[in-house]
Structures are given as structure tokens and as C-alpha cells.
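Beneath this line is the structure, given in C-alpha cells, with notes to follow.
The values are calculated or read from the model by the stated rules, or taken from the named source; none is laboratory data. As the structure is a prediction and not an experimental result, all values here were calculated from the model. FYI the Cβ positions are ideal-geometry reconstructions off the backbone, even for glycines, and counts take in every protein chain you see. Just so you know, the surface numbers come from the protein's heavy atoms only, side chains and all, with ligands and any DNA or RNA stripped out. Shrake-Rupley method; radii C 1.70, N 1.55, O 1.52, S 1.80 Å.
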Amino acid sequence: MIPVSEAEQRILSLVQPLDRDRDTEQVPLLNAAGRVLAEPVISSLDFPHWDNSAMDGYAVRYADVQNCAPDRPVTLTIVEEIPAGYQPQKVVQSGQAARILTGSMLPAGADTVVMQEDTQRQGDRVTILTDPQPQAFVRQRGSYYQAGTPLLPAGYNLQATEIAVLAAAQQASVKVYRRPRVAILSTGSELVDLDRPLQPGQLVDSNQYALATLVAQAGAEPVPMGIVPDDPEMLRKAIAQAIATADLVLSSGGVSVGDYDYVDQILAELGADIHIRSVAIKPGKPLTVATFPTPPITPSPHHPISSPLLPSPTLYFGLPGNPASALVCCWRFVQPALKKLSGLPEPWKVSYVNAITVQPLNSDRKREAYVWGQLQLVNGSYQFKPAGGSHSSGNLINLIGTNGLAVIPAGEAAIAPGELIHVLPIP
Ligand code: AMP
Ligand code: MG
């Protein structure tokens, strides 16, 4: 049994991120939401693209208006009207102004905008009533971003704001990492899919659905592989097929010490390196983590043996079958691994928030305990309330509404209400 933090460290050291060259695809910008950028984006456009006005008002020469005051107004001649999308045709000379609207191009000659509220208009003349700051309300070309400099680095997770920036930079498509393929396998002779009539002793394979949802939420592609009974031959076939098709395999069940728990034995028979057999975590102790060595590749002119294009070893997580245990292991250990695999930059490790527990939390001291419940922001600080009812790892119903896992460190038996704790936020 190894400590939780050591298990996380060991798992992360086993993950090979997707390859920058081999594991990428070009996707239309509208399909890029939630994807990870595989190369830096550099734009040839300045932002703003040209000097423009931040206000509705008048574009003027600062030298003309610098000594203005309500008792010393200055009147200028309006030479042009500049609405949005219009390219100014005139140069503003001394004694002149141009009518300008928000976002419109600043005309040559002008360097300052006086807001409409500080002026009085009479026909083709405008009187300026206050002294503006030099360059007031002018958005300078390139002041937000300069062409040719890095706009977005590789590894960026693209959300609405980044997609908007890429659209503005005229990137119709972007190079992103492919989604990691995650095979999901449920083991157990008691399991049936949700559309089968339940016979006595049977149970619906809810883990398949829980894990597929988590995997999809992490931006990866779930590959559902169904249910495999506790039969060594069938398990061997299913596991071999899963490791051949996916970057990462999640199986649930069959990793305990029961008579029908065959997963570890089969992994060993299939030539896996088993790195973790159990972790000091509650729930989730019987967690198996293994890798399958890269299949040997015959050197060729295209793929010399030292080529970085060698496929990465498949990472295998044998999760415990109990629904809460499987989910806790996924949140705590699989998510950081998926982050690293996906091409996202560090930090990959989970991060916690500090919260006050509003109810007592109890543990058996032996393992680092994770208590599910609700995390809430109250007057600027987080409060944690454990879910009511039984915290048995078999009690799936009790997990409804979980958005945080409170951590009780190993060695601590109880945490009193009002004490500060670490909580792992659940997306
Ligand atoms: P195991 O880890 O195989 O000993 O499974 C422990 C318990 O978890 C089983 O007795 C089932 O009640 C439950 N279980 C196992 N696999 C699943 C699954 N895929 N979906 C829901 N519950 C499961
Ligand atoms: Mg089982």
C-alpha cells in the first residue's frame, strides 16, 4: 500500500503525452472547443488593427485643445464624419476636427478624442469645453497585441475566449492534439447493461456510464468495451483488445483479493509492468496501475528505431468495482494522467481549495480518506458539507450532487465543524 501522493507521482511519471507531430489533427475553429492546441499561434495582425476611437466624439489635434476650459472653449471645423467601417479620407489639420464613432479609425493628423459629452455642436463646427489628456480615448494600433509575437502557446485548452481570439486572428482552422482514446471495461459476472431485465443477484453496470462521462468531460474519447464476466479467458481477450485500441484503459472491478478477482493475474500474464497494486486511500484501496511495453517496431527508413514516432506504452488503470471507489480513483488519479496525456501543460496534479467543514468528518486513520459532499462559496470563503446518508463505497445514490471531495489525512480520526480542510473540487 503506497501513500496517495506517491501514487499520483508514480502515475504521472508513467504518462507519455500525445506526440506533437504524430498525434494531431487540423480542425475547423468551431469544432475546436475544449481541444488542446498542438502548436503556437502567431498572428500577422496587430490588435487593434489600427488606431481607433474608444468613444463617440471628435478626433482632434491635442495641440489645438490642450488649453481648453469651460471659460476658454476652442471651436474647430468638422472636416469629415467617420462611422464604423469607414476609412478616413482627410487629414485633420490645425483648427479642424473629425466626427468619430466608437471603434472607428482615427484619421491622420488627429491624436486625441474628445468625448461627445464635453463638446457642443453647431452645424459643421464643434466647440470643445474641457482640456483632454493627450491621446485620450485613442486605442493605439498594436497596444493589445503586436503582430509576429506569440498569441497562444501550444498546450492551450481552447474555450470560448480563445476561440474568439483565434477567429479575430482569421484562423479558420487550428492544429490540435487528437483526443486520447480511453477504453472502458467493466468486469463482473453480476453486471448487466441498463436495458436488460434484472435477475436476482444482478446489478446494472453503472461504472461504464460514470467513467464514460468523466472521460468525455476531460476532453478524451471514451471507447466503451462493455461488460466482461469473471472468466479468465474472456477477461484476457477483452483486456488484450482494450490495450491494443486505446491510449489508456480503465477497467473496473476484479482487482480485490476475492476468489474471482483475476485482473492483476491476467495483466501479469499479458506481460504488463505492474507499478501499483494498492493505495492508502479510502475508498479505492485496491487500485492497480500497469503499463504495457511499447510493441517492438522493425526499423525502416521511415521509422528509424530511435524515432520519436514510436507509439507510447498503454497505461492501464484497474479501478475497484464499487461505484464510489471507482469514481474517487478517477477523480484523484485518472484525471491528472489524462491532463498530461492530452498535451496540457503542467500543473497536472490535482489542486485543492481550502474550506471550512460545517459538519464533523470521520475516518479510520489508516488511509487518506475522501469524503464526498457539497462545496459552496459563502461570503467569499468555501464551506464543505458532507453528503447525508451512508458513505459506503457501494452507495451510489449518496453521490448525487457531489461537487467536492474533502480530504482527511492519514492518521487523523476526526475533524470538527469549523476546522479548515482541503477539498478537491469536482467539475
Ligand atoms: P469488485 O471490485 O469486483 O469486487 O466489485 C465490488 C462491487 O462493486 C461489486 O460487488 C458490485 O456491487 C460493484 N460493481 C462492480 N462493478 C460495477 C460496475 N461496473 N457498475 C456498478 N457496480 C459495480
Ligand atoms: Mg467483481
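Numbers for the structure displayed
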item: Angle in degrees between helix 232-245 and the longest Cα principal axis of the chain, rounded to the nearest 10; result: 20 degrees
item: Angle in degrees between helix 4-14 and the longest Cα principal axis of the chain, rounded to the nearest 10; result: 80 degrees
item: Spacing of the two label points (7 Å from each Cα toward its C-beta) at residue 160 and residue 115, in nm; result: 2.7 nm
item: Expected 222 nm ellipticity per residue - DSSP helices of 4 or more, -39500 (n - 2.57), all of the chain, to 500; result: -4500 deg cm²/dmol
item: Top of 386, 132, 409 by mean-square fluctuation, Gaussian network on the chain, Cα under 10 Å; result: 132
item: 5 Å binning of all Cα-Cα separations within segment 52-135, expressed as whole percents from 0 upward; result: 3, 18, 31, 28, 15, 4, 1, 0
item: Radius ratio Rg over Rh of segment 353-425, counting only Cα atoms, Kirkwood formula for Rh; result: 0.94
item: DSSP-defined beta bridges in the chain - what % are antiparallel, rounded to 5; result: 65 percent
item: Principal-axis tilt of helix 206-217 within the chain, Cα atoms, nearest 10 degrees; result: 30 degrees
item: Potential extension, residue 63-residue 364 segment - 0.36 nm per residue separation minus Cα distance; result: 100.6 nm
item: Carbon/sulfur fraction of accessible area - the chain, other protein chains in place, 1.4 Å, %; result: 53 percent
item: Segment 68-137 versus segment 228-243: alpha-carbon centroid distance in Å; result: 77 Å
item: Percent of Cα pairs exceeding the 36 Å cut-off, where the set is the chain; result: 48 percent
item: Average accessible area per residue (Å²) across the chain - probe 1.4 Å, nucleic acids and ligands excluded; result: 49 Å²
item: Residues of type aspartates and glutamates that residue 285 reaches as a straight line, Cα spacing below 18 Å, ignoring anything fewer than 8 places off in the same chain; result: 6, 8, 259, 261, 264, 364, 368, 412
item: For peptides 105-118, 227-240, sequence by mean Cβ density within 10 Å, most packed first; result: 105-118, 227-240
item: Longest to shortest principal axis, alpha-carbon extents of segment 8-51, angstrom; result: 53, 22, 19
item: Distance violations [Cα-Cα > 25 Å] among 237/349; 175/340; 282/339; result: 237/349
item: GNM top mover of 86, 262, 58 - the chain, alpha-carbon springs below 10 Å; result: 86
item: Label-to-label distance, nm, for residues given as residue 140 and residue 270 (7 Å Cα→Cβ offset); result: 6.1 nm
item: Segment 154-301: Rg to Rh, with Rh as the Kirkwood radius over Cα pairs; result: 1.08
item: Mean Cβ neighbour count within 10 Å, used as a protection proxy, ranking 133-141, 49-57 highest first; result: 49-57, 133-141
item: Relative contact order of segment 353-425, pairs being alpha-carbon contacts under 8 Å that are 6 or more residues apart, as %; result: 48 percent
